[in-house]
Amino acid sequence: MNPATSPTAPAVHGLGAPSRWVQRWSHLVQPKGRVLDVACGAGRHSRWFAQRQHAVVAVDRAPEALAALPAGVEAVCADLEGGPWPFLGQTFDAVVVTNYLWRPLFPVLLASLAPGGVLIYETFALGNESVGKPSRPDFLLRPAELLQAFDELETVAYEAGFEASPERFVQRLCAVRPNGQPNGAPARYPLTPLSATPG
């Protein structure tokens, strides 16, 4: 089991409120776009996107976690570390990963993004071994590792640092696969949702 998803991690994966990072950047996902929630656990992000009228596919290896998913979410039980990728040839308008790290999946996640698709990724980083679990380097991102792994995407936002409650070291990435703009105009990725824009 990946320690980042175990009950001994700083927060039980998939329970509670959606990650603030996921909430912050979910407005970049095209309306009613198809979202893949990777290693979804109990489905906190599946719920978040389903409530916003997205078509959500949630994958985890724990059937008991998938059983808690809301109606309308497509649940897929699969071992992402020991088995084949269950979405071969499929692409998504968003791929969401939190509190989970399995480096062999990086190119697969990249290939799963449709043009214009959004990757929202947040997990533990080196330094976390000083405050808790996960503590093995295999499950902790190296400095700037998310930026390097997904450098063919267009980075919208990146953070790396320490959070105090609960104590943890994290990296966070929001990046988009460019889909080309008419007349070569630069893509516009709003840093604030339209609903939060004054006046």
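The values are calculated or read from the model by the stated rules, or taken from the named source; none is laboratory data. Bear in mind that the values here come from a model prediction, so they are computed numbers and not experimental data. Every residue, glycine as well, gets a Cβ built from its backbone with ideal geometry; the counts of neighbours run over all protein chains shown. Only protein heavy atoms, including side chains, enter the accessible area calculation; ligands, DNA and RNA are left aside. Shrake-Rupley method; radii C 1.70, N 1.55, O 1.52, S 1.80 Å.
Residue count for segment 19-53 satisfying the condition of being assigned to a loop (DSSP other than H, G, I, E, B) and surrounded by fewer than 19 Cβ atoms within 10 Å (Cβ to Cβ): 6. Residues in segment 139-154 that are closer than 20 Å to Tyr189 by Cβ, open to solvent by 70 Å² or more (accessible area, probe 1.4 Å) and in contact (Cβ under 8 Å) with a residue 12 or more places away in the chain: Glu152, Glu154.
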